[in-house]
Amino acid sequence: MNTALERLAAQLDLNAANHEPLRLAFAHACTRRVEHLLEDPQAIACLETLERYLDRQASRQQLTDAAVAAARLANHHHGSTSIDGCGHAAVSATYAVASALAGKALRAAEYAAYAAVYGQGGYGAISDPDSFNIEFAWQAETLAALAAADGRVVCQGREPPGRKRAHP
């Protein structure tokens, strides 16, 4: 559980309807971070549809269609026969894509973190909570930076990246 990310998401009211662009941008960033773990070309195509949608090169219907396809791919992923669990990275990455396309940013981030950690060392890695620290920090920093770039005020005891404090 990424408490810093959850706290920031609550502060930003990330799940509000009018924050969909921020949710999608953040979910996209998280899934791009684990894109190399995707095995199915269709999952990669779904992720590319999200990118095109964010760039205003794909329609809402194309995004919806890709979300349906990504959910189907994730729910029917063959999983891993590997004893070390590294193959589960592809499953988690596929679920990250499906969550991202569904606009479930925090769930996409969670699956992406699992994919990254599985990809580094299988089951052993996920049993150590510290193995998530790098991903969790990156996720919180990325959401703060995206929110700041979007003009949202982010206050967590420090200024958002790229913002300078005004002096009276």
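The values are calculated or read from the model by the stated rules, or taken from the named source; none is laboratory data. None of the values given here were measured: they were computed from a predicted structure. Using ideal geometry, Cβ is built from the backbone for each residue, glycine included, and neighbour counts are taken over all protein chains shown. Surface accessibility is based on the protein's heavy atoms, side chains included, excluding ligands, DNA and RNA. Shrake-Rupley method; radii C 1.70, N 1.55, O 1.52, S 1.80 Å.
Look at the stretch 100-139 and say how many of its residues are under 23 Å from residue 11 (Cβ atoms), open to solvent by 10 Å² or more (accessible area, probe 1.4 Å) and outside any loop (DSSP other than H, G, I, E, B).
Of the stretch 100-139, the ones under 23 Å from residue 11 (Cβ atoms) are 100, 102-113, 132-139.
Now restrict to residues that are open to solvent by 10 Å² or more (accessible area, probe 1.4 Å): 102-104, 106-107, 110-111, 132-138.
So of that shortlist, the ones also outside any loop (DSSP other than H, G, I, E, B) come out as 106-107, 110-111, 132-138.
The number of residues fulfilling the criteria is 11.
Surrounded by 15 or more Cβ atoms within 10 Å (Cβ to Cβ), among the polar types (S, T, N, Q) and more than 13 Å from the chain's Cα centre (by Cα): which single residue out of 3, 49 fits that description? Outline the logic, then answer.
Numbers: 3 fails: surrounded by 15 or more Cβ atoms within 10 Å (Cβ to Cβ).
Only one candidate qualifies: 49.
Being free of Cβ contacts under 8 Å to residues at least 40 places away in the same chain, among the acidic types (Asp, Glu), within 25 Å of residue 72 (Cβ to Cβ) and part of a helix (DSSP H, G or I) is true for just one of 20, 51. Which residue is that? Before the answer, list the steps.
Numbers: 20 fails: free of Cβ contacts under 8 Å to residues at least 40 places away in the same chain.
Unique residue meeting the criteria: 51.
Only one of 58, 67 is modelled with pLDDT of 95 or more, surrounded by 15 or more Cβ atoms within 10 Å (Cβ to Cβ) and not in a helix (DSSP H, G or I); which? Before the answer, list the steps.
Details: 67 fails: not in a helix (DSSP H, G or I).
Within the list 58, 67, the selection yields 58.
I'd like to check something: does the stretch 10-18 contain any residue that is touching a Ser or Thr at 6+ places or on another chain (Cβ under 7 Å) and surrounded by 15 or more Cβ atoms within 10 Å (Cβ to Cβ)? Break it down stepwise before answering.
Step one: filter the stretch 10-18 for residues touching a Ser or Thr at 6+ places or on another chain (Cβ under 7 Å), giving none.
The answer is no; no qualifying residue exists.
What is the one condition in (1) farther than 23 Å from residue 119 by Cβ; (2) surrounded by 14 or more Cβ atoms within 10 Å (Cβ to Cβ); (3) out of contact with any His (no Cβ under 7 Å at 6 or more places or on another chain) that residue 33 does not satisfy?
Failed condition: (1).
Name the pairs whose Cβ atoms lie under 9 Å apart, with the first residue in the stretch 1-17 and acidic (Asp, Glu), the second part of a helix (DSSP H, G or I), and 6 or more positions between them or separate chains?
6/106; 13/19
Can you name the condition, by its number, that residue 144 falls short on among (1) out of contact with any Leu (no Cβ under 7 Å at 6 or more places or on another chain); (2) modelled with pLDDT of 80 or more?
(1)
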